[in-house]
Structure formats: structure tokens, C-alpha cells
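Read-outs throughout are calculated quantities, based only on the coordinates presented, and are distinct from any laboratory measurement. The structure presented is a predicted model; accordingly, all values stated were derived computationally and were not measured. Here Cβ is always computed from backbone atoms with ideal geometry, including for glycine, and neighbour counts include all displayed protein chains.
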Amino acid sequence: MDWYWWIGAALLLVVVEMVSLDLVLIMFAGGAIAAGIASALGLGLVGQIVVFGVVSTLLLLALRPWLLKYLRQRTPLVETGVAALAGRTGTVVSEVSDESGRIKLLGEVWTARSLGDVTFPVGADVRVVKIDGATAVVDAVEAPYSSPGAPPVL
């Protein structure tokens, strides 16, 4: 395999990495560049593949964890999906007990149940403690909230 195929593969991997931002494909791109250098030096196809595999693995094991740590220190982690709902305040639209109920949360109606043996009347404000399947587990707004990594309730 000629060296330019490896460099082309590396460039393609870099472009796809820019879309995914997982810091995995960039490590494979590094392996492809190393295999391209090995090809330019006259190493055979099997040797090039071995160089690609070894360099990619070393980059994944040694460089990726350090890069992820550095990236997370510089940019805050933004919770998405149901993880972002913990700590949010909703309004009861159907009486919520420890067995059933419904709340309006961020414009959507969710099934809900209370955290303890408490019943919340229609119109009461409640705080989401966690999401259990498709059910919001709620507690009183005044109750202290101690889930790690949750946004403060304002």
C-alpha cells in the first residue's frame, strides 16, 4: 500500500473526528500517519498494519485519557436528556402521590410519583429528584437537594 493512501485515510479520520469529537478517530489518524511513514520507508503491508495498530492503541491508552481530562477542565460538562431534568421545578397537573400523578415539566407533561409518603395537590410546585424510567420522582421544592452534579434550584 502506498503511503498516500494512509495519509488520505488520516485526513478522512480527522474530518470525521471534527464531527464526532470523541477523541478516538484522531488517535486512529495518528496511527494512519505512522503507517504512512512506515510505508514511505519501505515497510511491507503487514508491517504497516502492525504499525497502525500499535501506534493507534498506544495513542488511545496514553494520550486520549490525558486529552479528555484537559478538555473537561477547560469546558464544563453540560447535562443533557433526562440527566438535565434532576433539580428542575415542575407544576402538579394531577395529584401526585407515592404511586402516581402527573406534572408539567419544561412544557411537557410527565408521569410522576412522590419521593416519600407525601401527596402534592394540583398546582403545587415540586422539584424533580430523579427520573426513573419515564416517571419523574419528585419532592417538595423546599426540601434540601443533595444529588451530586445537579444544578442548583433557583
At a Förster distance of 41 Å, what's the computed FRET efficiency of Val16 paired with Asp98, Cβ-Cβ distance as r, to 0.05? 0.25
Return Val46, Val109, Val93 ranked ascending by Cβ neighbour count within 10 Å, so the fewest neighbours appear first. Val46, Val109, Val93
In whole angstrom, how far apart do the alpha carbon centroids of the stretch 75-130 and the stretch 36-67 sit? 50 Å
How far is helix 64-74 tilted, in degrees, relative to the longest principal axis of the Cα atoms in the chain, given as a value from 0 to 90 rounded to the nearest 10? 50 degrees
Mind giving me the nanometre distance, one decimal, between the label points for Thr75 and Leu58, set 7 Å out from Cα along Cα→Cβ? 2.8 nm
Between Val24 and Glu108, the two model label points (7 Å from Cα along the beta-carbon direction) sit apart by a distance in nm of 2.6 nm
At 222 nm, what value in deg cm²/dmol follows for the chain if DSSP H runs of at least 4 each add -39500 (n - 2.57) and the sum is divided by all its residues, to the nearest 500? -12500 deg cm²/dmol
Give the order of Ser39, Ser100 when sorted by the count of other beta carbons within 10 angstrom, beginning with the fewest. Ser100, Ser39
Taking 0.36 nm per residue of separation and subtracting the Cα-Cα distance, what length does fully extending Ala84 through Trp66 add? 3.9 nm
May I ask you to compute the full-extension gain from Val46 to Leu115, defined as 0.36 nm times their residue separation minus their alpha-carbon distance, rounded to one decimal in nm? 18.8 nm
Subtract the Cα-Cα distance of Ala124 and Trp5 from 0.36 nm times their separation in residues, and report this length gain in nm to one decimal. 36.4 nm
Could you line up Asp125, Asp2 from fewest to most neighbouring Cβ atoms inside 10 Å? Asp2, Asp125
